[in-house]
Structures are given as structure tokens and as C-alpha cells.
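Step one of this worksheet: look at the structure below.
The values are calculated or read from the model by the stated rules, or taken from the named source; none is laboratory data. It should be emphasised that the depicted structure is a prediction, and the values quoted were computed from it without experimental measurement. So basically every Cβ, Gly included, is an ideal-geometry build from the backbone, and we count neighbours across all protein chains shown.
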Amino acid sequence: MAAASLALASFGGVVQADPHPWQLNMERGASTWSHVPYDLNNISLAVCVVIGVLVFGAMFIAMFRFRKSRGAVAEKWAHNTVLEVVWTTIPVVILITLAYLATGGLTSWADTTGSQMTVKVTGYQWKWRYDYVSYMGKPIEKVGFMSKLDQQSDDTRQLDSGMDPYAVKVGDEHTYLLNVDKPLVVPVDTKIRFAITGGDVIHSWWVPALGWKLDAIPGIINAAWTNIKEPGTYRGQCAELCGQDHGFMPIVVVAKSKADFAKWLAEQEAASKKASPPPAPFDAAAAASASNSVPAVPQG
Amino acid sequence: MTRSWRTATCTPDPSVEASGVTQPIPDKHAADSRRGVRRTVKILIAVVIGFYLLAFLQILLMK
Amino acid sequence: MSYAATHDQHDDHHGAPKSFFQRWCMSTNHKDIGTLYLIFALTMFFIGGSFAMTIRAELFKPGLQLVQPYFFNELTTMHGLIMIFGAIMPAFVGLGNWMIPLMVGAPDMALPRMNNLSFWILPFAFILMLSTLFLPGGGPAGGWTMYPPLSLQSDSLAYVVFAIHLMGISSIMGAINIIATILNMRAPGMDLLKMPVFVWSWLITAFLLIAVMPVLAGAVTMLLTDKYFGTSFFNPGGGGDPVLYQHVFWFFGHPEVYIMILPAFGIVSEIVPTFARKPIFGYKAMVFALACIAFLSFIVWAHHMFAVGLPLGADLFFMYATMLIAVPTGVKVFNWVATMWGGSMTFETPMLFAIAFIILFTIGGFSGLMLALVPADFQYQDTYFVVAHFHYVLVTGALFAIIAAAYYWLPKWSGRMYNEFWGKVHFWNSVVWVNVLFFPQHFLGLAGMPRRIPDYNVAFANFNMISSIGGFLFGASQLIFLGVVIHCVFFSKKKATDRVWEGAKGLEWTVPSPAPHHTFSVPPVIHDEELAHGNVHA
């Protein structure tokens, strides 16, 4: 019974936000679109399994039936036009079907219009920055923060730390290398548009539960959207080699109900107003004597 | 007699050495091959240099 | 006899130069140069393999136990560069050098002295590249793909770029040599459509090489000028675009992977008919499929860039074109199976590796098809699913074909039979452990494990441990191969016949085993019945 449920869970279908041990297949995901890669994956896998069974089956039969030690005498034929036409046409038909399904899925992904919220994501070596741009048509002022690997994971991952990765948990969840100090908080049931860019080298923003990843490239603003159905915590990782800590800059998205999110956002806006009072009038003398140093950019 | 590295792999054939033949023995296949190789190599080197030039010229032009 | 009797066979003893330096450093002999390439490739394979062993050792358990993350990135980068440019490609060039003249009845390659230069560039280039590991700042650590801006952060960029230029020049000269040889030096009667499929595969591969190596040269030169000469090709601050590099690189990179597989297809098309004692099914279709695959390989490059943010139309075009390649590739697989069907098969080691190739390469092809579907690729890109895919097609694909070819032709090269029992031990170990190594990586990718990371969440631990065990045992099994080869060349007492394999057909089997230093100094007389594809009508 336990084995059966493990097998079922391993093969997906049950939404689990984190990867779990012995996981065999991807998850259906938590957004309105994330079932698209899941379905395509399963359909194409099924097609491949069927073709594989037929082709490998034929091979194994041949290896048994047509062995010299069994007395098989080699035929001389080397052509069969009908067969060749059939096994060229059938794959084409299968491919056209898969292409049709994939085209529909891709077109729906590419359409970011009608978004109710915009978040800007910037990849840095080796952390993410989230800036809230607008929500429900209203611009958001100064809600933005860096999001980096949580301290416990960071301490544990040091070479020869002697610490146990299995001990890095949030409740029952094993969150080693999948947790951050400040997660991205978003509302459910809202079409959220992401504007993704890079601050130094190419990174890639990926949360499997949302169903897609998109590269964070300096000089380019890439756009994608999501609409999360269920509240929860969704974890991902950087998915483009970006230097020594590429494996240590995870992503956490916390999806709250719209009410909870509105409350959270209001708190953030209030906190940022208190933290940065309106700027003082420009003082030329003070500016002239101020230091000229520029903060150092992290080197690779 | 020391031999140059260029003829190191040749087996001296006494009949050829004796007669002092200095013209190549007629061999149409070898001659055709030689001509063909030269033509092929000329074309391919031109193509390769062309590709390199395309690649590097665009570097200069786009600088 | 299908070749005019000359004094060649007896020439064997005076054929090869006596001095070691003369024979090996100044060689103009396609057989010796072929041997040099193969020994070089085998050495690089073990070096690149040792990097892989360290990688798998680090990934054995979660947590960092062995290496710092930056050095781990150097290891993965060098593993890729060495295996691709130092092991797989030179091995195919070595096989081509050895066999193409023999298969077409030519006395040697068209440009024997350039052939020598092509080879000797490589040890120099690789010593240069490997030496960067010992420089302050270390070797390249931006992946074998060297995407900017990351790759520009490496201190050793100039050395790596120079090494790559050298390797490219070596490949281009080799390709010119191969084309010139095949087009001009075939014996009279060896028409193009009577040539062995292996020769066709190399003819087409050579054109791919000429087309794309200059592109790689351009791409890495732009990296160099961006870092040292003030250009901004890939620097948005200067008006450039990092994605431009990816386009240029993959325009090279995709044909490159076909360069690494087409000769493998050729090898399998030689071996299966021999051991099935039946002609290859659909010879012309096989040749045509090779050409189609080569052509299509030029228009699919952006399937390596689906997560970059390409416009919708581009995504769709590259998806469709990529899926199309499955058609000619499928035709080849079906034709191999149809060659086996109705044959009279025996399962010596070359045939075992060839059959394993067909099955396991096809599995790699399946994951490739899945990767082609863009929405699905959004989840697969940069994960272990991709790592599993390309290792299936490159290790159980290209590498197994190279090993199969080595077993197949070693008796012809050395004049002695290898030990069939140990060959089979090598085979079974390789085939079992390679699947233990790479199959779980599909699951890791689907579960969400990114690639190029030295450490991972504990959920990924189980399959990583299994994969690492497979890696250690697969690596160890290759030492069996080393033993079999050394024993065959130096210690085996079993002499090989000229034909070696009962079902073998073709010019290369008409010369003695071991093949004399000089063969076909006089072009052979071609009898169609003795060729593998002498009587092709469709």
C-alpha cells in the first residue's frame, strides 16, 4: 500500500511543491498553465515507449530467430519499398500530432497580455532581486528586496562543514539549498507578469511548479506570466551556469490568498515609506565633499 | 649514403635506379588523382578562407 | 585475387621507417597517423573520464565533500571540452584515416604531409588547454559552451581560445584531406554509390566540419576581443547582445553534434551487415538519410536556446525543424533492424556494441524528441534530463560505435585476434554500468535537479548515488578495454586471417592482416560481388 502510493506519488499527479526522493516524473504543477509541459511530457513519453517496444521488440525477436547458431540462413533481400514508405509516413504523422499539441501550448504561454500584476526579477551573482512594479493597475512604490540562500543551507554547504544537509528543514520539508531569506510573495488567482533580466551574467529563473523557466540576461528584459491556483510555497533554482555559486541561489515563491497578499503588500509599502523618508533638498557643498567611491561589483 | 627524411619511406627499386629514368612512369589513374586532388584542395581552401573571412570580417565591421 | 599482386605484402618490413622519430613524428602514412589519433583519443578519454569520476564522486552525496564549487565548474567545463574535442572527434578522425584509403582502394590520403600536421597540432593544443588548470585563476569554468558574460570572467580565456583555434584548424585540414581523398583517389570502379556507408558518412561529416569550424573560430575570437580588445559584441553596455554569442556558437554547435554521430552511423552500417551476413537494408536510403540529417543540422541550432526568450515564431520554427530530424534518423534505425531481420547472426563483441548502440542511441533519440517540444523543454532545459539525453547519444552512441569499430578492425590493424571472452566482459560491464550511470539522470532532471551544480537538495540524493556508482564502475570497465587492446597488439598469439570476419565484405578485407605499411600502391581491380554494396539498384 505504501509502495503503491509512493509509486503513484513518484510518478507525479499529486502536487508536491518540493522534489521528493525517488521522484520519477515531473509534477503537474500549481499554475493554470503548468499542466502543459506535464501533459506534453507524458504524451511524448508514451509515444516513445510504444515505438521503443515495437523497435526493440523486433530486434530481440530477430536476435533470437535469426541467429546462425539456430541454423538461420541469411536472406538476400535489401529493399522493401512499401515498408520504407510506411515507416517514413507514420513517424511524420506522429510528429505532426505532437507538434500541433506543442504549438497550442506554446502560443498560450507567449501571451502575457491581460496581466493584473507585474514583478521585476533580476539575477545577480549569486542571488535574486525582486521588485514589485504594479498590482491591480496601481503602481507599487519601493517594494523590492534581495533574496538569497538561507543561512543554514549556506553554512551547511561549505566544503568540509561537517554539517548534515538532511538537518536543514522547515517543519517536515527538507529545504537544503531550496530556501531563501526573503521569498517572493504573490497572490493566487492573479495573472502575474514577470519582467526578468540579469545584472551581471546570464542566470535563469525557474520554479518547476509554475511550469517554465526563462533566462535572466543582462541588457534584455524577458517576459513571462503565471497564474497560481493554490496557495503554497513553491521552490526552484537558478537554471543557467552563472559562476561558482550557481547551485546556491534558489528561488522561493510564496502564494497567498488575495486578501493575505493585499495585507502583506500594504505592510511592505508602509515599511518602505518609514525606511526611506522623502529626500532632502540638494546641498551642493555637501555633495562636493562626499566620497566618490563606487560600491564594488562582485567578481566571478 | 645518408638519405633525406623525404625519401626515408621509399624502397629503392634497383631497376629504376639503374636505368636512370627521370620521367614518371605513365599512370593515368595517378595523374588524374593528382590533378583532381589539386582542384579539390584549391576549391576547399578557397571555401574555408572565405568562411573565415566572413567570420572575421563581420567582427571587424561590427566592432 | 581482387588486387594485382605487387611486392607490397613483402614490403612490410622495409615499408615502415626504422627510426622511431621518423616513423611516428614525421609520419606521412595514413595507418600510422590513424594509430596516433586513436592512441591520443584513448588517452584524452581517460583524462576526461577522470574529471567525470571526480564530478560523480562529489555528487555521490549531498553536501560538499571534495572540491570547491569553482573547481567543480572547471571540472565540468574541461570534461566537456576534452571529451568532445579530444576524445570523440579525434577517434573518428583516426578511424577515418585508417579505413578510408583501404575502403576506396587508395594508397594513402590525398595530402599525407598535411595529415601529419593535422595530428600533431592536437597534443600541443591539449597540453595548452589542460595547463590552464594549473594557472593562477584556474582553467575555464563557464561550461564547454563558454557563454558570455560568464566566460569573460575567466583568466584563462586567451589560452582556451587559442587551443580551440588550433583544434579547429586541425579538423579543417583533416576534413579537406578526407574530401580530396574520397572524391579523387578511389580506385577505378569504386563509384560513389558503391562506397561503404562509413566512407559516405565521413564524406558528409567532412563538409559539416568545413562549414562550421570557422564559425566556432569566429565566436571564440569575439569572446577574446570582447575581453581584451574593447569590443562589445556581447556586452549590452556597449550595444551588444549576449544572445548573439549563443546563436553563433550553436550554429557551430548543432552541426558539431552531428559531426560526432554521423561517422558512428557509418560504423554501425558496416558492422551489422557483416555479422548478420546480409547486405545493409536500403543502402541508398541510408546514404540519403545521412545527407538529410546533415542538411537539417544547419537549421535547428536554436533548440539549445528555447529558454532564452526567443520570439514565438522562432521557437515554433526551430521546434518543427528539430522534430523533422527524427524522420531520417528513424529510417536509419529501422534499416538497421531490417538488416538484422532475416539474417544469420553471430554476436561477437563488435556486433554486441553495435546492437547496444542501436538500442541505446534510440533511447537518447527519444529524450531528444521530448526535448524538442518547447513547452516541455521549459521544464527540461538546463536540467539533468538534458545531461541524460546527450550522454546517451554520445556515450552509448558515439563512444560505443568507436569501441565497436576498434574491436571490428583491430585484427586488421594488428594481425591478431583480441581475446573474445574479455571483449564480452568489457561489453557487458559497459552496457550495464552505463545505464546505471545515466538512466537515473532522466529522473533527476524531471524531478527538478539543474545541471552544472556541485551540490543538491537531499531529495535528489538517491538517484545521484546510484548514478555515481554506475559512473565509477563504468569508468573502471574501460580499463578492461585498455587491457584487451594492449593484449591484442602486443601479446596475442592468435593470428587473424585476411577476411577476419566470415561475413565481411569490401576492399579493406582483401589486404593482409596486419595491413602492410603501404597498400594499394597499385589500384586494385574492383569486383562488384566482393564489395558490400557493389550491386545496389535502389
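Some observations on this one:
- Flag if C:G174 is at pLDDT below 95 and not charged (D, E, K, R): no
- Picking from residues in region C:106-117 that are facing another protein chain (nearest Cβ under 10 Å) and part of a loop (DSSP other than H, G, I, E, B), the one that is farthest from C:C25 (Cα to Cα) is C:A106.
- When C:F40 is tested against the conditions (1) surrounded by 15 or more Cβ atoms within 10 Å (Cβ to Cβ); (2) at pLDDT below 95; (3) over 22 Å from C:R499 (Cβ atoms), the lone failure is (2).
- Test: residue in region C:338-350 that is under 21 Å from the mean Cα position of the chain (by Cα), assigned to a helix (DSSP H, G or I) and more than 7 Å from every other protein chain (Cβ to nearest Cβ): yes
- Given (1) modelled with pLDDT of 85 or more; (2) touching a Ser or Thr at 6+ places or on another chain (Cβ under 9 Å); (3) within 14 Å of chain C (Cβ to nearest Cβ), number of the condition A:G300 does not satisfy: (1)
- When region C:439-468 is filtered for residues that are in a helix (DSSP H, G or I) and without any contact (Cβ under 8 Å) to a residue 60 or more places away in the chain, the ones remaining, listed by number, are C:F439, C:P440, C:Q441, C:F443, C:A447, C:A459, C:N462, C:F463, C:I466.
- Single match in C:V268, C:V248, C:V272 (criterion: among the β-branched types (V, I, T) and surrounded by fewer than 24 Cβ atoms within 10 Å (Cβ to Cβ)): C:V248
- Boolean, A:M136 is over 25 Å from A:A262 (Cα atoms) and either out of contact with any Cys (no Cβ under 7 Å at 6 or more places or on another chain) or among the acidic types (D, E) (or both): no
- Index of the failed condition, C:R113 passing every other in (1) within 30 Å of B:H29 (Cα to Cα); (2) surrounded by fewer than 24 Cβ atoms within 10 Å (Cβ to Cβ); (3) touching a helix residue (DSSP H, G or I) at 6+ places or on another chain (Cβ under 9 Å): (3)
- Filter result for C:E270 (within 18 Å of C:V161 (Cα to Cα), part of a helix (DSSP H, G or I) and among the acidic types (D, E)): no
- Residue count, region A:60-100 (criterion: at the interface with another protein chain (Cβ under 8 Å from one of its Cβ atoms) and either part of a loop (DSSP other than H, G, I, E, B) or in contact (Cβ under 8 Å) with a residue 60 or more places away in the chain (or both)): 10
- Candidates C:V93, C:V67 - the one that is of a type in the set (V, I, T) and outside any helix (DSSP H, G or I): C:V67
- Subset of region C:489-538 [free of Cβ contacts under 8 Å to residues at least 24 places away in the same chain, within 14 Å of chain A (Cβ to nearest Cβ) and assigned to a loop (DSSP other than H, G, I, E, B)]: C:N535, C:H537
Here is a yes/no grid of residues against (1) aliphatic (A, V, I, L, M); (2) under 30 Å from A:Y166 (Cα atoms); (3) surrounded by 15 or more Cβ atoms within 10 Å (Cβ to Cβ):
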site: A:P19; (1), (2), (3): no, yes, yes
site: A:S31; (1), (2), (3): no, yes, yes
site: A:V36; (1), (2), (3): yes, no, yes
site: A:I43; (1), (2), (3): yes, no, yes
site: A:C48; (1), (2), (3): no, no, yes
site: A:A62; (1), (2), (3): yes, no, yes
site: A:R65; (1), (2), (3): no, no, no
site: A:K68; (1), (2), (3): no, no, yes
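- Residue within region C:222-239 that is surrounded by 21 or more Cβ atoms within 10 Å (Cβ to Cβ), at the interface with chain A (Cβ under 9 Å from one of its Cβ atoms), more than 18 Å from the chain's Cα centre (by Cα) and not hydrophobic (A, V, I, L, M, F, W, C) present: no
- Filtering region C:299-313 to residues that are part of a helix (DSSP H, G or I) and either in contact with an Asp or Glu (Cβ under 7 Å, 6 or more places away or on another chain) or away from chain A (no Cβ under 11 Å) (or both) leaves C:I299, C:W301, C:A302, C:H303, C:H304.
- Applying the criterion of being surrounded by 23 or more Cβ atoms within 10 Å (Cβ to Cβ), over 12 Å from the mean Cα position of the chain (by Cα) and more than 7 Å from chain C (Cβ to nearest Cβ) to the residues of region A:226-264, the residue that is farthest from C:V387 (Cα to Cα) is A:A255.
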